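The values are calculated or read from the model by the stated rules, or taken from the named source; none is laboratory data. Remember, predicted model here, so these are calculated numbers, not experimental data. Note that we place each Cβ from the backbone using ideal geometry, even for glycine, and neighbour counts take in every protein chain shown. Side chains are part of the model used for accessible areas, which takes the heavy atoms of the whole protein and leaves out ligands, DNA and RNA. Shrake-Rupley method; radii C 1.70, N 1.55, O 1.52, S 1.80 Å.
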Amino acid sequence: MFNKTVKELSIGLSQGEFSSVELTQHYLDRIKAKDGEINSFITVTDELALEEAKAADQIRAEGKATDWTGIPFAHKDIFCTKGVLTTCGSKMLENFISPYDATVVSNMKTSGAVCLGKTNMDEFAMGSSNETSYFGKVINPWSDKEQLVPGGSSGGSAAAVAARLTPIATATDTGGSIRQPASLCGLTGLKPTYGRVSRYGMIAFASSLDQAGPMARTAEDAAMMLNVMAGHDAKDSTSIVKDVPDYTASLNNSIDGLRIGLPKEFFNEHLSPELQNILQDSIKQLESQGATFKEISLPHSHLSVPAYYVIAPAECSANLSRFDGVRYGHRCEDPKDLMDMYQRSRTEGFGDEVKRRILIGAYALSAGYYDAYYNKAQQVRRLIKNDFVSAFEDIDVILSPTSPSPAFGFDSKGDDPVQMYLEDIFTISTNLAGLPGMSLPAGLINGLPIGMQLIGNYFEESKLLNVAHRFQTATDWHTLAPKNI
Amino acid sequence: MQWETVIGLEIHVQLATKSKIFSGSSTQFGSEPNTQASLVDLAMPGTLPVPNEEAFRKAIMFGLAIDADINKRSVFDRKNYFYPDSPKGYQTTQLDHPIVGPGNIEIQLANGTKKIIRVHHAHLEEDAGKSLHDDYHGMSGIDLNRAGTPLIEIVSEPDMCNSEEAVAFAKKIHSIVSSVGIGDGEMSQGSMRFDVNISIRPKGEEKLGTRTETKNLNSFRFMEKAIKLEVERQIDVLEDGGSITQETRLYDGEKDISRSMRSKEEANDYRYFPCPDLLPVIIDDVYIDSIREDMPELPDARAARFIEQYALSDYDAEFLAGDTETAAFFEVSTKISGDAKLSANWVAGELSARLNSDDISIKQCPINAELLGKLVLRIKDGTVSSSGAKKVFEVLWAQKSNDVDAIIDQQGLKQVSDTGALEAIVDEVLAGMADQITQYQEADEKKRKKLMGGFMGPLMKASKGQGNPKLFNQILAKKLNS
């Protein structure tokens, strides 16, 4: 049962093969049995899940079921869930019970889906390996002899889906946090256009870059979940007023004549020969379905990592100021005065990577440095966006690598944080431009999955999902599962 | 040495919107602590601001009222600092792209001269909450009801050179704010607060001196006293050979002392940057024009109309037109009395004096405009004398009755205007004043006028105060001059 996709489970439920309670219990049992090793969940809400499953079965009995009624899933622990622990992977929020639901959470509730729990993540979504979580690292289920990272920051969601502990999960992506773990765990993950999914109730890392999306096994499942997640929200001023298409409707469209661009800056000599070959095979596959390829240029893409590591920390330095020990979250013992309370609460509550980014951000915004760093980074951001806008004049979709390599070992990046930051070298520019991007399994390197990335024009998620689905119809990379599940 | 003072003001005005600038919470004053603090106001993780259009409308109205440029594109910035009453750890404000650009305000001084004070800009921002330090046994309480109340901060150019000008400017802003209806103008509730930047320089010197900023003054009186105190302090420092430190100062109005809060070195680096949760606000001419059409009459225009329509003096017109409530009071009472000048005198005179001495606003006035109009009508038609009217006014003020005619009757204040009866009284009184009559008749024209008053006292006494003075005067003149 656990190998079924959401689509298949949905059919199974509607045909009465199993009930939502049975299905939910099945996944809860799997989590209990397997998650000790993987550590992909921070909170498992068994009782709530079974209640929701019961209610879903009731709705089905009344003949009011939809595609999502009774389908289990998990939320990344960055989404506020009313009455349920919401930690964002941080000691700061170790005991934070959210008093309200994020819009994504209420959308999923309305759909009738059953939430199994909250998945582990890099602290405040800052990381590419899930090593920065206060609740311990997440192990990639593809690990064999050596323990490998699942990627980050949505590493918990990715590991849980890859280990079949949940059929699907929500995730968020600020610089690659959906796509890179999807690549490393053999999954299909989509970061929508900025403004497509409401950020209300999603704990902010970098407000102008954060975007929520699905972490799925197939493009079809991702399309189904995006149908529920997407839409304008009056509570988020940056959410866009635009109709949400049915993303499943165009999955099977022909891609004959589709123009796909290959950025020469991403297909350079640093790319490993294995990854080169995997991407070439993917290109051939899509060509066989009628897609045409041409080389394009994104001349400023080499500036995306440095620009990102100014803008994202700058925004986070202010976004994380609210964690001050006054109203909620960690407060130090016996503060001797206000300054002491601020300093110790924040020193104790935040981990090293979070502190590093707050410091970088505060520095970049300081008087005398603002123009050289923040302003310059914003200028670069505009250039990067313009590169994409020109590129999309002649093409429909961009194809590139998602991550430079498959899953790596813990601590393998050494003490230099920049080595970790380079994990997102292919994904970050999409966030800076606000474009939709997705990663889907494209092959194996040394027995480990690796993805390819598709980048679309603004609000062209349908086109990405269409290409991905056509690819998955012709290949079986997305069906591969880790051995020991 | 002769010193010259340079003053610039930053005025925070709470906008009278029903809900907060970035959340749906009520802005009502005086509720139980934290009952008007929503998830957004508490800065719960994941919450986001949604701008309140009404705050923009009101800020634009202020801009139109001072003939300022309205910026078609305005941007919210984050001003970062830690304080418990600032729940997000930053204040959302506008730094480089405020909604209201440069404008002008004309002030009038006591000696009648007028002066233009330039407004540099006015920007929208959110108010902070309040820290409560009493009653918590050594701890501090936080009340976030006020957090997120919309403010405009009006920043003047350093165009004022003494406390009188600064107060006149502040009062003019107050008058515009309440006339246009963008704020309630209730100073005691903190709905208008002043920061004063002050520097001094030797007279004739062009270069500005080092300035200090005295923050959070909440009344015109304290502002005036704080300015005088700070100017004296700066003169003392410089004349003793010292130098002024650029600093922020706090003024204690009760004790009339000020102290340094922090120096420039200790000043925060606020690390402003554009708020990524809020898109730039773009407006067009159609929108601005629609607001312009809804603008109420402004104090200056109203004063001009009062001069034109009611033939009031500049001073009366300025006074009565300055505040919407007062202006309406005047116009209603004039409509009933039919005598603008006399109504103006009563509203600007007796009524204002009583409001001042009882320290209440015209909104709380125990006498309504219709009643005052009726009273003025009875003066005008000779039913009651001015002095009698003052007695009626007292009864009305005490709210013992609201029937003007009945009070006049009950108090025996009705004037006798029957010329036959008055002539009889005049004859009777003059019969006993032969000496004074002779003295009068021998005096020159100029002196006669003065001596005439000597007869009025006995006449009023003889008529028990009820004789119509105007008629007495006429009869008396006729008799004495014949």
Check your understanding: For the range A:264-375, which helices (runs of 4 or more DSSP H) that fit wholly inside it have 2 or more residues that are within 14 Å of chain B (Cβ to nearest Cβ) and open to solvent by 20 Å² or more (accessible area, probe 1.4 Å)?
Key -> A:338-349, A:352-364
Check your understanding: Which residues, taken from the range B:168-212, are open to solvent by less than 20 Å² (accessible area, probe 1.4 Å), of a type in the set (A, V, I, L, M) and in a loop (DSSP other than H, G, I, E, B)?
Key -> B:Ile182
**Study point:** From B:Lys88, B:Lys58, residue being open to solvent by 30 Å² or more (accessible area, probe 1.4 Å) and in the same structural domain as B:Ile142 (by TED's automatic domain parsing)
**Key:** B:Lys88
Practice item. Would you mind stating whether A:Asp101 is part of a loop (DSSP other than H, G, I, E, B), more than 21 Å from A:Val6 (Cα to Cα) and at pLDDT 95 or above? Key: yes
Practice item. All but one of (1) more than 11 Å from every other protein chain (Cβ to nearest Cβ); (2) at negative phi hold for B:Gly138, so report the exception by its number. Key: (2)
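Could you tell me how many of the residues in the range B:214-257 are part of a loop (DSSP other than H, G, I, E, B) and closer than 23 Å to B:Lys203 by Cα?
The total comes to 7.
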Revision key, fill the gap. Residue hits (the range A:356-397; of a type in the set (Val, Ile, Thr) and under 28 Å from A:Asp122 (Cα atoms)) are A:Ile358, A:Ile360, A:Val380, A:Ile384
**Study point:** the range B:432-444 residues that are over 13 Å from B:Leu459 (Cβ atoms), paired with ones that are of a type in the set (D, E, K, R) (beta carbon under 8 Å, 6 or more apart)
**Key:** B:Tyr440/B:Arg448
Check your understanding: Quick check: anything in the range A:105-118 open to solvent by 10 Å² or more (accessible area, probe 1.4 Å), within 21 Å of the chain's Cα centre (by Cα) and either within 10 Å of chain B (Cβ to nearest Cβ) or among the basic types (Lys, Arg) (or both)?
Key -> yes
Revision key, fill the gap. By residue number, the members of the range A:240-254 that are in contact with a Ser or Thr (Cβ under 6 Å, 6 or more places away or on another chain) and among the polar types (S, T, N, Q) are A:Ser250
Revision key, fill the gap. A careful count of residues in the range B:277-310 that are closer than 23 Å to B:Gly101 by Cα and assigned to a loop (DSSP other than H, G, I, E, B) gives 10
Exercise for review: Name the one entry in A:Gly201, A:Gly195 that is touching a helix residue (DSSP H, G or I) at 6+ places or on another chain (Cβ under 9 Å), more than 22 Å from A:Ala159 (Cβ to Cβ), open to solvent by less than 10 Å² (accessible area, probe 1.4 Å) and in contact (Cβ under 8 Å) with a residue 12 or more places away in the chain.
Suggested key: A:Gly201
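Out of B:Ile282, B:Ile307, report the one residue that is at pLDDT 90 or above, among the hydrophobic types (A, V, I, L, M, F, W, C) and closer than 30 Å to B:Leu342 by Cα.
Within the list B:Ile282, B:Ile307, the selection yields B:Ile307.
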Check your understanding: Scanning the range B:94-135 for residues that are β-branched (Val, Ile, Thr) and open to solvent by 30 Å² or more (accessible area, probe 1.4 Å), which turns out nearest to B:Ser74 (Cα to Cα)?
Key -> B:Ile116
Review point. If you scan the range A:462-485, which residues turn out to be open to solvent by 30 Å² or more (accessible area, probe 1.4 Å) and of a type in the set (Gly, Ala, Ser)?
Key: A:Ala474, A:Ala481
Point to revise | Counted residues, the range B:445-482 - those being outside any helix (DSSP H, G or I) and open to solvent by less than 30 Å² (accessible area, probe 1.4 Å) | key: 3
Exercise for review: Return yes or no: is A:Arg164 in contact with an Asp or Glu (Cβ under 6 Å, 6 or more places away or on another chain) and either more than 16 Å from A:Glu353 (Cβ to Cβ) or part of a strand (DSSP E or B) (or both)?
Suggested key: no
Study note, to complete from the structure: For the range B:26-54 the number of residues that are open to solvent by less than 40 Å² (accessible area, probe 1.4 Å) and within 14 Å of another protein chain (Cβ to nearest Cβ) is 12
Point to revise | Cross-chain or 6+ apart pairs with Cβ under 6 Å, the range B:260-278 first and more than 7 Å from chain A (Cβ to nearest Cβ), then among the hydroxyl-bearing types (Ser, Thr, Tyr) and not in a loop (DSSP other than H, G, I, E, B) | key: B:Met261/B:Thr248; B:Arg262/B:Thr248; B:Cys275/B:Thr92
Practice item. Have a look at A:Ile450, A:Ile425, A:Ile455 and point out the one that is buried (at least 18 other Cβ atoms within 10 Å of the Cβ) and over 21 Å from A:Leu148 (Cα atoms). Key: A:Ile455
Practice item. Among the residues of the range A:88-104, write down those that are crowded, with 24+ Cβ neighbours inside 10 Å and more than 9 Å from every other protein chain (Cβ to nearest Cβ). Key: A:Gly89, A:Ser90, A:Met92, A:Thr103, A:Val104
Exercise for review: Determine the pairs where a residue that is assigned by TED's automatic domain parsing to the domain that holds B:Met187, located within the range B:221-235, has a partner that is assigned to a helix (DSSP H, G or I) with Cβ atoms under 7 Å apart, the partner being 6 or more residues away or on another chain.
Suggested key: B:Met223/B:Ala166; B:Met223/B:Val167; B:Met223/B:Ala170; B:Glu224/B:Ser163; B:Glu224/B:Val167; B:Ile227/B:Ser163; B:Ile227/B:Ala166; B:Lys228/B:Ser163
Practice item. For B:Asp284, indicate whether it is open to solvent by 70 Å² or more (accessible area, probe 1.4 Å), in contact (Cβ under 8 Å) with a residue 12 or more places away in the chain and more than 14 Å from every other protein chain (Cβ to nearest Cβ). Key: yes
Review point. Which residues, taken from the range A:204-230, are within 21 Å of A:Lys82 (Cβ to Cβ), open to solvent by 10 Å² or more (accessible area, probe 1.4 Å) and not β-branched (Val, Ile, Thr)?
Key: A:Ala204
